[in-house]
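These notes are about the structure you will find just below.
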């Protein structure tokens, strides 16, 4: 098998949630560049179409299907739409997430708790349950959950976000065990400080940015594409013997 075949995704179909900006867009773009047909999805239809048109202009085959992953009906429509468009889904990337509640766990409202669980946990759970079985029927598939280093370290200003991301990691381990015998691989990527809209409040503030950079041995903020390449690896033949794992991509922040 050639190097290109090891990392190539020709003939594969990928669904990427939250793929109209940041990490999700980088992943979708790299999967498409590697040869996959990609379903672009996020809450806003116009944003989905804009990214889809951008990738089509680059010669990629993509479909746009809007979805709010906190809503069961939307998730079901996304799965059904992807299967209708391409007949199968080989790669599922669960990237869409919310962080609507900052502060200590004891100060959170029931509404905030329920909303973040619905988006960050139930959305992943539902999509996996809808799309993994058809992967198992073919004896091949890759699920990639974009978690966070907040899953493995306490974050005093975003505790609930960390709780939901830890739940994602637990799901990854269990799905890997449940579906491994059918050759469906399930892994998580745990990004650290990445320059996205999600972390804008930190990297635009000089004091906060300097404090974060001081904790990163590589001495820089991560870029969305730093995660995109890892996703291609996990989705391709090159990552075929990896499942149930958490790959931390944080510039070394959690090493010390």
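What ranking of 160, 130 emerges when the number of other C-beta atoms within 10 Å of each C-beta is taken as an exposure proxy, fewest first? It would help to have the intermediate numbers written out before the result.
On the way: 160 24, 130 18.
The order, fewest Cβ neighbours first, is 130, 160.
Sorted from fewest to most neighbouring beta carbons within 10 Å, what does the list 37, 182 look like? Intermediate values should be presented prior to the final figure.
Numbers: 37 23, 182 15.
Listed from fewest to most nearby Cβ atoms, that is 182, 37.
Across 178, 33, 49, mean-square fluctuation computed from a Gaussian network of the chain (C-alpha pairs under 10 Å connected) peaks at 178. Between residue 114 and residue 174, what is the label-point separation in nm under the 7 Å Cα-to-beta-carbon projection? It is 2.2 nm.
Axis angle, to the nearest 10 degrees, between helix 123-138 and the longest C-alpha principal axis of the chain: 30 degrees. Based on the Cβ-Cβ distance of residue 58 and residue 107, what FRET efficiency does E = 1/(1 + (r/R0)^6) give at R0 = 51 Å, to the nearest 0.05? That gives a FRET efficiency of 0.65.
Taking Cα atoms only, the orientation of helix 72-86 departs from the longest principal axis of the chain by about 40 degrees.
To the nearest µm²/s, what D does Stokes-Einstein give for region 3-249 at 20 °C and 1.002 mPa s, using the Kirkwood radius over alpha carbon pairs as Rh?
On the way: Rh = 18.1 Å.
The calculation lands on 119 µm²/s.
The angle separating the long axis of helix 22-33 from the principal Cα axis of greatest extent in the chain is about 20 degrees.
Mind giving me the FRET efficiency for residue 49 and residue 156? R0 is 35 Å, r the Cβ-Cβ distance, nearest 0.05 is fine.
0.35
Does region 75-217 classify as rounded, prolate or oblate by the C-alpha gyration tensor (a ≥ b ≥ c root eigenvalues; a/c under 1.5 gives rounded; else a/b over b/c gives prolate, otherwise oblate)? Note, shape of region 75-217 comes out prolate.
Between the C-alpha center of region 149-218 and that of region 50-78 there is a gap of 24 Å.
Counting 0.36 nm for each residue step from residue 3 to residue 254 and taking away their Cα separation leaves a gain of 87.2 nm.
Since every read-out is calculated from the coordinates, none of them should be taken as a lab result. All values reported here derive from a predicted model rather than from experimental measurement. Don't worry about glycine lacking a Cβ; one is built from the backbone with ideal geometry, like all the others, and counts go over all protein chains shown.
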